[in-house]
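Peer 1: One structure coming up, written as structure tokens, with questions to follow.
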Amino acid sequence: MSSPLLDLEEPEILTELETIRHSCAHVMAHAIQKLWPTARFGIGPTIEDGFYYDVELPTKLVPEDLHKIEKEMKAIIGRGCDFIRREHSINEAIEFFKSKDQIFKVEIIENLRDKLGSTTVSSYQEGDFVDLCRGPHVKNAKEIKAFKLTSLAGAYWRGNEKNPMLQRIYGTAFKSGEELQEHLKLIEEAKLRDHRKLGKELDLFSFLPEAPASPFFHPKGTIVYNRLVELMRDLYKPFEYQEVITPQILDVSLWKTSGHYDNYKDNMYFTDIDEREFAVKPMNCPTHTFIFGSQKRSYRELPIRYADFGRLHRYEKSGVTQGLTRVRTFCQDDAHIFCTADQIESEIKRTIQMILTTYDLFGFKEIKIGLGTRPEKKAGDDAIWDQSEAALKRVLDGLGRPYTVNAGDGAFYGPKIDFQIRDALKRYWQCGTIQLDFNMPARFKLSYTGADNTAHQPVMIHRAVLGSLERFIGVFIEHCAGAFPFWLAPVQARFVPIKDTHNDFCREKMQQMKLMGIRVEIDDRNESMGLKTREAQTQKIPFSLVAGDREIAANSFAVRKYGERESKVMTYEEITILFQELNHLPKKVLHTSLG
């Protein structure tokens, strides 16, 4: 991926598909310059499913302009020019891009010189277009076979709100037209599954400008939210977690001790109370150290596992917030484990089992696992980091599953294992995490009495399974297209009487089901059956229970499952047995998976 912070002396190592996409971004920039000669270019990296380029233009682009750019790109590719790589001294490159009025490229080069000490940079020329780039690129433009420009967005230069707003043009490219068409179908499907769209249609949540990036969960959305909390609480029992409740606002000295003030303050909210500075908590970890340290601890008590559903607040720039997946206020299924050094690996294994079991329940079968190592900005010395990273690596090596090492991706206080789930649209989302921390117990002077009757420092493991509940709900809505499994659905069944004379029978059965803990409602409007059954499908209610004279006589219903065209007649008793089994499914699956 191209970056203004990377040395441009040597080409990156890209896959064949990434190289095609990177080359396509170059051709797109070439086409833009042909159409708008005064265009200024920022960066144009490859991303997970394509590429983008940030551009400053004299006009605001509209979707129709994408077709114009694509047409010019096809003409450029048709000419079949080679990509030619050249190296330049820093001064030569600065002069060249200054002469082209490419101020953002000049800034990148100066940054490479001043911050990284680079003495040379590279460029690629294709036809009459020259771009600053590490590469690599395809040998000839005709190797770009199938591409599509997909969307427009805005982006501040270098992600800083004080810098100019550039126009970001997204695109994708594949080796073949068939692969491209499959991807474009997924993009269209993603629009239909967009959780922001479905959240409104299904009356789950909303947003208001008075509370930016802070969701309001409606009654139906709150049911989903609380069912996820209940699921995790059920899981906490066999894994022996104790739930705690901790304050929202704490003196800033706490966050200085924890290291968050130095490493995370730009993402925190602060306030003054009684002439003291306080911070709204962005994480639960420091508050759990207080509970652990509130009394003397013995090695016989360890491990101690604290779980917390406390609300957290983190400042996210307005340009990156997005629906439920990037918000400023949220709740995590958060927990912290205090254990001895000898217990680290067994606790991490248990936690991995917990995470993978939960994902299996939701139908997430493909999981990417990554080991994040020490970042540049970190707390603690290298010896502690060596010990922590080695412990996580031993567990992963013994897991028998593939994983990647993500250098520099650890938390500031310790290395971590991240879990990414693949949804129905083949996208990966980071949700679960396990973070090993020797630093925070030391900062808060935590100790326990060991078997040798002397004080020892505990190890702290930070852990989340679903992660942010808000984010997970957004991801899962798009995964299941808003058709929640029965146990999670806000409304599990809707009674549909055919005529007014059938209302009392349906209401009686509805009340009985409510007493069983089934979430049901009735549609007794004076509307056609066609309209009522269509609306039940539109609302993605798992079951519609239709009753007329014949059904009442047999104490039965015509049962129509969501997504199916045909109905099946079932007795009321059969329906209640089915519903109770489906409602109990999460506990059954978890119990079976955990043995």
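The values are calculated or read from the model by the stated rules, or taken from the named source; none is laboratory data. Please read all numbers here as calculations on a predicted model, not as lab measurements. Cβ placement follows ideal geometry from the backbone for every residue including glycine, while neighbour counts extend to all protein chains displayed.
Peer 1: Can you confirm whether Thr340 is under 21 Å from Asn439 (Cβ atoms) and of a type outside the set (Asp, Glu)?
Peer 2: yes
Peer 1: In addition: Please determine, by comparing only the residues of segment 2-26 that are in a loop (DSSP other than H, G, I, E, B), surrounded by fewer than 21 Cβ atoms within 10 Å (Cβ to Cβ) and of a type in the set (A, V, I, L, M, F, W, C), which one is modelled with the lowest pLDDT.
Peer 2: So, considering only residues that are in a loop (DSSP other than H, G, I, E, B), surrounded by fewer than 21 Cβ atoms within 10 Å (Cβ to Cβ) and of a type in the set (A, V, I, L, M, F, W, C), the one modelled with the lowest pLDDT is Leu5.
Peer 1: Picking from Ala75, Ala93, Ala29, which residue would you name as being free of Cβ contacts under 8 Å to residues at least 60 places away in the same chain and surrounded by 14 or more Cβ atoms within 10 Å (Cβ to Cβ)?
Peer 2: Ala93
Peer 1: What pairs can you find where one residue is in segment 422-446 and basic (Lys, Arg), the other is in a strand (DSSP E or B), and their Cβ atoms are less than 9 Å apart, with a gap of 6+ or different chains?
Peer 2: Filtered contacts from segment 422-446: Arg422/Ile367; Arg422/Lys368; Arg422/Tyr428; Arg422/Trp429.
Peer 1: Turning to a different aspect of this structure: Just checking, does segment 260-268 include any residue being more than 21 Å from Arg463 (Cβ to Cβ) and in a loop (DSSP other than H, G, I, E, B)?
Peer 2: Yes, because at least one residue in segment 260-268 is more than 21 Å from Arg463 (Cβ to Cβ) and in a loop (DSSP other than H, G, I, E, B).
Peer 1: Do we find that Leu35 is assigned by TED's automatic domain parsing to the domain that holds Gln125, surrounded by fewer than 17 Cβ atoms within 10 Å (Cβ to Cβ) and at pLDDT 95 or above in this structure?
Peer 2: Against the criterion (assigned by TED's automatic domain parsing to the domain that holds Gln125, surrounded by fewer than 17 Cβ atoms within 10 Å (Cβ to Cβ) and at pLDDT 95 or above), Leu35 qualifies.
A quick yes/no check of all residues on (1) within 18 Å of the chain's Cα centre (by Cα); (2) under 28 Å from Ile291 (Cα atoms); (3) modelled with pLDDT under 95:
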| site | (1), (2), (3) |
| --- | --- |
| Asn453 | no, yes, no |
| Leu469 | yes, yes, no |
| Arg494 | no, no, no |
| Lys499 | no, no, yes |
| Lys509 | no, no, no |
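Peer 1: Right, something else. Taking the criterion of being in the same structural domain as Leu446 (by TED's automatic domain parsing), modelled with pLDDT of 95 or more, among the hydroxyl-bearing types (Ser, Thr, Tyr) and within 22 Å of Phe362 (Cα to Cα), would at least one residue in segment 212-224 satisfy it?
Peer 2: Yes, there is a match, as at least one residue in segment 212-224 is in the same structural domain as Leu446 (by TED's automatic domain parsing), modelled with pLDDT of 95 or more, among the hydroxyl-bearing types (Ser, Thr, Tyr) and within 22 Å of Phe362 (Cα to Cα).
Peer 1: Moving on to the next point. Could you list, in sequence order, the residues of segment 377-422 that are of a type in the set (A, V, I, L, M, F, W, C) and farther than 25 Å from Phe364 by Cα?
Peer 2: If the condition is that a residue be of a type in the set (A, V, I, L, M, F, W, C) and farther than 25 Å from Phe364 by Cα, then Ala379, Ala383, Ile384, Trp385, Ala390, Ala391, Ala407, Ala411, Phe412 are the ones that fit.
Peer 1: Next question. Being closer than 16 Å to Ser151 by Cβ and among the basic types (Lys, Arg) is the filter here; which residues of segment 162-192 pass it?
Peer 2: Arg168, Lys185, Lys191
Peer 1: Okay, next question. Give segment 540-569 a look and list any residue that's more than 11 Å from Arg494 (Cβ to Cβ), hydroxyl-bearing (Ser, Thr, Tyr) and touching an Asp or Glu at 6+ places or on another chain (Cβ under 9 Å), or say none.
Peer 2: Correct list: Ser556 only.
Peer 1: Here is a further query. Among residues belonging to segment 286-305 that are β-branched (Val, Ile, Thr) and assigned to a helix (DSSP H, G or I), point out the one that is farthest from the chain's Cα centre (by Cα).
Peer 2: The residue in question is Ile291.
Peer 1: Pick out the one residue from Leu166, Leu180 that is touching a Gly at 6+ places or on another chain (Cβ under 6 Å) and more than 21 Å from Phe472 (Cβ to Cβ).
Peer 2: Of the residues listed, the single one that is touching a Gly at 6+ places or on another chain (Cβ under 6 Å) and more than 21 Å from Phe472 (Cβ to Cβ) is Leu166.
Peer 1: Checking the conditions here, which among Ile144, Ile109 is buried (at least 16 other Cβ atoms within 10 Å of the Cβ), under 26 Å from Leu186 (Cα atoms) and touching a helix residue (DSSP H, G or I) at 6+ places or on another chain (Cβ under 6 Å)?
Peer 2: Answer to the selection: Ile144.
Peer 1: List every residue pair whose Cβ atoms sit under 6 Å apart, with the two residues 6 or more apart in sequence or on different chains, where the first one lies in segment 112-140 and is without any contact (Cβ under 8 Å) to a residue 60 or more places away in the chain and the second, anywhere, is hydrophobic (A, V, I, L, M, F, W, C) and crowded, with 22+ Cβ neighbours inside 10 Å.
Peer 2: Once the first residue is without any contact (Cβ under 8 Å) to a residue 60 or more places away in the chain and sits in segment 112-140, its partners that are hydrophobic (A, V, I, L, M, F, W, C) and crowded, with 22+ Cβ neighbours inside 10 Å give Ser123/Leu132.
Peer 1: Tell me the helices (runs of 4 or more DSSP H) entirely within segment 505-588 that contain at least 2 residues that are under 23 Å from Lys220 (Cα atoms).
Peer 2: Ranges flagged: 529-538, 572-583.
Peer 1: Output the number of the condition that Cys506 fails; it satisfies all remaining conditions of (1) within 30 Å of Ala411 (Cβ to Cβ); (2) outside the structural domain of His336 (by TED's automatic domain parsing).
Peer 2: Against the list (1) within 30 Å of Ala411 (Cβ to Cβ); (2) outside the structural domain of His336 (by TED's automatic domain parsing), Cys506 comes up short only on (1).
Peer 1: For residues that are in contact (Cβ under 8 Å) with a residue 12 or more places away in the chain and of a type in the set (S, T, N, Q), scanning just segment 203-258, find the one that is nearest to Ser346 (Cα to Cα).
Peer 2: Going through the qualifying residues, I end up with Gln242.
Peer 1: Right, Lys68: loosely packed, with under 13 Cβ neighbours inside 10 Å and at pLDDT 95 or above or not?
Peer 2: no
Peer 1: Pull out all pairs, ordered by first then second residue, where Cβ-Cβ is under 8 Å, the residues are six or more apart or on different chains, the first lies in segment 581-595 and is surrounded by 13 or more Cβ atoms within 10 Å (Cβ to Cβ), and the second is among the small types (Gly, Ala, Ser).
Peer 2: Asn583/Gly517
Peer 1: Which ones in segment 421-452 are crowded, with 20+ Cβ neighbours inside 10 Å and of a type in the set (A, V, I, L, M)?
Peer 2: Within segment 421-452, Ile421, Ile434, Leu436, Met440, Leu446 qualify.
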